[in-house]
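Undergrad: Sharing a structure below in C-alpha coordinates format, with a few things to ask.
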Amino acid sequence: MVPVAFSGLSDSFFNQLGGRDRPEFYPGHRLRPDDVALLTRLVPPLRTELHRVGTVLVGGTSYFERIADMVAGRSLPIADCRVAETFLFIDEAGRIAPCSFIPDHFDISIDDLHDPGDLDALPRQLRMHQRAHPAGDCADCPSTQQFEKFEPLAA
Ligand code: SF4
(Lines give C-alpha, C1' and ligand atoms only; values in the text may rest on other atoms or scores of the structure.)
Protein backbone atom coordinates (compact mmCIF):
# COMPACT_ATOMS: atom_id res chain seq x y z
CA MET A 1 0.00 0.00 0.00
CA VAL A 2 1.78 3.10 -1.22
CA PRO A 3 0.40 6.61 -0.88
CA VAL A 4 1.67 8.75 -3.74
CA ALA A 5 1.40 12.49 -4.12
CA PHE A 6 2.71 14.98 -6.62
CA SER A 7 3.23 18.68 -6.24
CA GLY A 8 0.20 20.57 -7.54
CA LEU A 9 -2.36 17.90 -6.70
CA SER A 10 -5.15 18.95 -4.39
CA ASP A 11 -6.14 15.41 -3.30
CA SER A 12 -4.46 12.04 -3.14
CA PHE A 13 -5.72 8.64 -2.02
CA PHE A 14 -4.39 5.16 -1.48
CA ASN A 15 -5.45 1.60 -2.30
CA GLN A 16 -4.60 -1.85 -1.12
CA LEU A 17 -2.50 -3.67 -3.68
CA GLY A 18 -2.96 -7.37 -4.30
CA GLY A 19 -6.71 -7.21 -3.67
CA ARG A 20 -9.21 -10.05 -3.69
CA ASP A 21 -10.12 -9.29 -7.29
CA ARG A 22 -6.72 -10.68 -8.32
CA PRO A 23 -6.76 -14.15 -6.74
CA GLU A 24 -3.56 -15.16 -8.50
CA PHE A 25 -1.69 -12.51 -6.51
CA TYR A 26 -3.78 -12.15 -3.36
CA PRO A 27 -2.18 -14.83 -1.14
CA GLY A 28 1.33 -13.53 -1.75
CA HIS A 29 0.62 -9.82 -1.97
CA ARG A 30 -2.23 -9.27 0.45
CA LEU A 31 -1.85 -7.01 3.46
CA ARG A 32 -1.08 -8.53 6.87
CA PRO A 33 -2.08 -7.17 10.29
CA ASP A 34 1.43 -5.75 10.73
CA ASP A 35 0.99 -3.81 7.47
CA VAL A 36 -2.24 -2.29 8.77
CA ALA A 37 -0.55 -1.31 12.04
CA LEU A 38 2.29 0.31 10.09
CA LEU A 39 -0.17 2.14 7.86
CA THR A 40 -2.08 3.41 10.88
CA ARG A 41 1.15 4.83 12.29
CA LEU A 42 2.47 6.32 9.04
CA VAL A 43 -0.60 7.96 7.58
CA PRO A 44 -1.19 10.73 10.19
CA PRO A 45 2.31 12.25 9.83
CA LEU A 46 2.17 11.78 6.06
CA ARG A 47 -1.19 13.54 6.02
CA THR A 48 0.34 16.45 7.92
CA GLU A 49 3.36 16.57 5.61
CA LEU A 50 1.22 16.58 2.48
CA HIS A 51 -1.06 19.22 3.94
CA ARG A 52 1.96 21.54 4.12
CA VAL A 53 2.34 21.35 0.32
CA GLY A 54 -1.38 21.78 -0.28
CA THR A 55 -2.39 18.15 -0.85
CA VAL A 56 -5.17 16.46 1.11
CA LEU A 57 -4.57 12.77 1.68
CA VAL A 58 -8.15 11.50 1.74
CA GLY A 59 -9.47 8.37 3.43
CA GLY A 60 -11.83 8.57 6.39
CA THR A 61 -11.88 6.53 9.57
CA SER A 62 -14.23 3.91 8.18
CA TYR A 63 -11.85 3.35 5.26
CA PHE A 64 -9.10 2.41 7.71
CA GLU A 65 -11.51 0.26 9.69
CA ARG A 66 -12.64 -1.57 6.58
CA ILE A 67 -9.04 -2.27 5.55
CA ALA A 68 -8.40 -3.72 9.03
CA ASP A 69 -11.58 -5.81 8.82
CA MET A 70 -10.64 -7.18 5.40
CA VAL A 71 -7.19 -8.14 6.60
CA ALA A 72 -8.68 -9.80 9.69
CA GLY A 73 -11.19 -11.71 7.56
CA ARG A 74 -14.26 -9.99 9.02
CA SER A 75 -16.99 -9.92 6.40
CA LEU A 76 -19.27 -7.00 5.77
CA PRO A 77 -22.69 -7.80 4.31
CA ILE A 78 -24.47 -4.91 2.60
CA ALA A 79 -28.25 -5.10 2.46
CA ASP A 80 -28.84 -1.61 1.07
CA CYS A 81 -26.07 -0.54 -1.30
CA ARG A 82 -26.02 3.20 -1.98
CA VAL A 83 -22.71 3.36 -3.79
CA ALA A 84 -24.42 4.23 -7.09
CA GLU A 85 -25.58 7.53 -5.61
CA THR A 86 -22.00 8.79 -5.93
CA PHE A 87 -20.20 6.30 -8.14
CA LEU A 88 -20.94 4.19 -11.21
CA PHE A 89 -18.80 1.51 -12.75
CA ILE A 90 -19.15 0.98 -16.53
CA ASP A 91 -17.13 -1.81 -18.08
CA GLU A 92 -15.77 -2.13 -21.60
CA ALA A 93 -19.03 -3.76 -22.75
CA GLY A 94 -21.07 -0.82 -21.44
CA ARG A 95 -22.53 -2.72 -18.49
CA ILE A 96 -23.33 -0.55 -15.46
CA ALA A 97 -23.03 -1.44 -11.77
CA PRO A 98 -22.19 0.24 -8.46
CA CYS A 99 -18.83 -1.55 -8.45
CA SER A 100 -16.42 -3.41 -10.69
CA PHE A 101 -17.00 -6.81 -9.08
CA ILE A 102 -20.40 -7.71 -10.53
CA PRO A 103 -20.82 -5.84 -13.83
CA ASP A 104 -23.28 -8.38 -15.25
CA HIS A 105 -25.46 -8.66 -12.13
CA PHE A 106 -27.75 -5.70 -12.82
CA ASP A 107 -28.39 -6.33 -16.52
CA ILE A 108 -28.23 -2.60 -17.29
CA SER A 109 -26.06 -1.10 -19.99
CA ILE A 110 -25.42 2.30 -21.47
CA ASP A 111 -27.70 1.25 -24.35
CA ASP A 112 -30.59 1.43 -21.86
CA LEU A 113 -29.97 5.12 -21.18
CA HIS A 114 -31.90 7.24 -23.62
CA ASP A 115 -32.28 10.60 -21.90
CA PRO A 116 -31.13 12.47 -18.77
CA GLY A 117 -34.12 11.10 -16.84
CA ASP A 118 -32.83 7.56 -17.32
CA LEU A 119 -29.50 8.62 -15.88
CA ASP A 120 -31.17 10.37 -12.94
CA ALA A 121 -33.18 7.23 -12.17
CA LEU A 122 -30.18 4.95 -12.31
CA PRO A 123 -28.95 5.17 -8.67
CA ARG A 124 -32.38 4.25 -7.29
CA GLN A 125 -32.82 1.53 -9.92
CA LEU A 126 -29.50 -0.06 -8.94
CA ARG A 127 -30.23 0.35 -5.24
CA MET A 128 -33.65 -1.30 -5.48
CA HIS A 129 -32.26 -4.16 -7.55
CA GLN A 130 -29.46 -4.79 -5.05
CA ARG A 131 -31.86 -4.73 -2.10
CA ALA A 132 -34.17 -7.25 -3.74
CA HIS A 133 -31.51 -9.41 -5.38
CA PRO A 134 -28.11 -8.95 -3.75
CA ALA A 135 -25.21 -10.55 -5.54
CA GLY A 136 -23.02 -13.08 -3.78
CA ASP A 137 -20.29 -10.47 -3.38
CA CYS A 138 -22.69 -8.23 -1.44
CA ALA A 139 -22.41 -10.70 1.47
CA ASP A 140 -18.88 -9.40 1.98
CA CYS A 141 -18.64 -6.26 -0.10
CA PRO A 142 -15.18 -5.83 -1.60
CA SER A 143 -15.78 -2.29 -2.85
CA THR A 144 -13.80 0.44 -1.15
CA GLN A 145 -16.35 2.95 -2.43
CA GLN A 146 -18.50 2.02 0.58
CA PHE A 147 -16.06 3.34 3.13
CA GLU A 148 -15.14 7.02 2.95
CA LYS A 149 -12.30 6.27 0.59
CA PHE A 150 -12.46 9.76 -0.86
CA GLU A 151 -13.45 11.60 2.31
CA PRO A 152 -10.98 13.77 4.18
CA LEU A 153 -10.34 12.57 7.70
CA ALA A 154 -12.81 14.19 10.06
CA ALA A 155 -11.20 16.84 12.28
S1 SF4 B 1 -20.59 -5.82 -4.09
FE2 SF4 B 1 -20.71 -4.05 -2.70
S3 SF4 B 1 -20.62 -2.21 -4.02
FE4 SF4 B 1 -21.07 -3.99 -5.33
S5 SF4 B 1 -23.34 -3.98 -5.43
FE6 SF4 B 1 -22.75 -5.36 -3.74
S7 SF4 B 1 -22.81 -4.09 -1.89
FE8 SF4 B 1 -22.77 -2.71 -3.68
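The values are calculated or read from the model by the stated rules, or taken from the named source; none is laboratory data. Bear in mind the structure is a predicted one, so any value in this text is a computation, not a measurement. Note: ideal-geometry Cβ built from the backbone for every residue, glycine included; neighbour counts use all protein chains shown.
Undergrad: Can you tell me which of 121, 139 is in a helix (DSSP H, G or I) and touching a Pro at 6+ places or on another chain (Cβ under 6 Å)?
TA: The unique qualifying residue is 139.
Undergrad: Can you pull out the residues in segment 70-92 that are aliphatic (A, V, I, L, M) and either surrounded by 11 or more Cβ atoms within 10 Å (Cβ to Cβ) or within 12 Å of the chain's Cα centre (by Cα) (or both)?
TA: Listed by number, the residues that qualify are 70, 71, 76, 78, 83, 84, 88, 90.
Undergrad: Here is a check on your reading of the model: is residue 62 within 15 Å of the ligand (Cβ to nearest atom) and closer than 19 Å to residue 26 by Cβ?
TA: no
Undergrad: Still on this structure: Six or more apart or on different chains, Cβ under 7 Å: which pairs go from a residue in segment 83-102 that's closer than 13 Å to residue 141 by Cα to one that's within 11 Å of the ligand (Cβ to nearest atom) and among the small types (Gly, Ala, Ser)? Could you list them?
TA: What qualifies is 83/143; 98/84; 99/143; 101/143; 102/135.
Undergrad: Restricting attention to segment 43-69, report how many residues are surrounded by 12 or more Cβ atoms within 10 Å (Cβ to Cβ) and either in contact (Cβ under 8 Å) with a residue 40 or more places away in the chain or hydrophobic (A, V, I, L, M, F, W, C) (or both).
TA: Residues flagged as surrounded by 12 or more Cβ atoms within 10 Å (Cβ to Cβ) and either in contact (Cβ under 8 Å) with a residue 40 or more places away in the chain or hydrophobic (A, V, I, L, M, F, W, C) (or both) within segment 43-69 amount to 18.
Undergrad: Moving on to the next point. Which pairs do you get when a residue that is among the small types (Gly, Ala, Ser), found in segment 123-146, comes within reach of a residue that is part of a helix (DSSP H, G or I) and more than 10 Å from the ligand (Cβ to nearest atom), reach meaning Cβ atoms under 6 angstrom, with the pair 6+ apart or on two chains?
TA: none
Undergrad: For segment 114-124, which residues satisfy the criterion of being surrounded by 16 or more Cβ atoms within 10 Å (Cβ to Cβ) and either of a type in the set (Lys, Arg) or closer than 14 Å to residue 95 by Cβ (or both)?
TA: Once the filter is applied, which keeps residues that are surrounded by 16 or more Cβ atoms within 10 Å (Cβ to Cβ) and either of a type in the set (Lys, Arg) or closer than 14 Å to residue 95 by Cβ (or both), segment 114-124 yields only 122.
Undergrad: Please go through segment 28-42 and give me each residue that is closer than 14 Å to residue 73 by Cβ and loosely packed, with under 12 Cβ neighbours inside 10 Å, ordered by number.
TA: 32, 33
Undergrad: Of these, 84, 97, which one is in contact with a Phe, Trp or Tyr (Cβ under 8 Å, 6 or more places away or on another chain) and within 9 Å of the ligand (Cβ to nearest atom)?
TA: 97 is the lone residue from the list that is in contact with a Phe, Trp or Tyr (Cβ under 8 Å, 6 or more places away or on another chain) and within 9 Å of the ligand (Cβ to nearest atom).
Undergrad: Anything in segment 125-155 that is more than 12 Å from the ligand (Cβ to nearest atom) and among the acidic types (Asp, Glu)? List them, or say none.
TA: 148, 151 - these are the residues of segment 125-155 that are more than 12 Å from the ligand (Cβ to nearest atom) and among the acidic types (Asp, Glu).
Undergrad: Among the listed residues 19, 8, identify the single one that is loosely packed, with under 12 Cβ neighbours inside 10 Å and either modelled with pLDDT under 85 or of a type in the set (Lys, Arg) (or both).
TA: 8
Undergrad: Here's something else I'd like to know. Residues being of a type in the set (Asp, Glu) and either under 30 Å from residue 27 (Cβ atoms) or near the ligand (Cβ under 9 Å from one of its atoms) (or both): count how many of those fall in segment 100-124.
TA: Count: 1.
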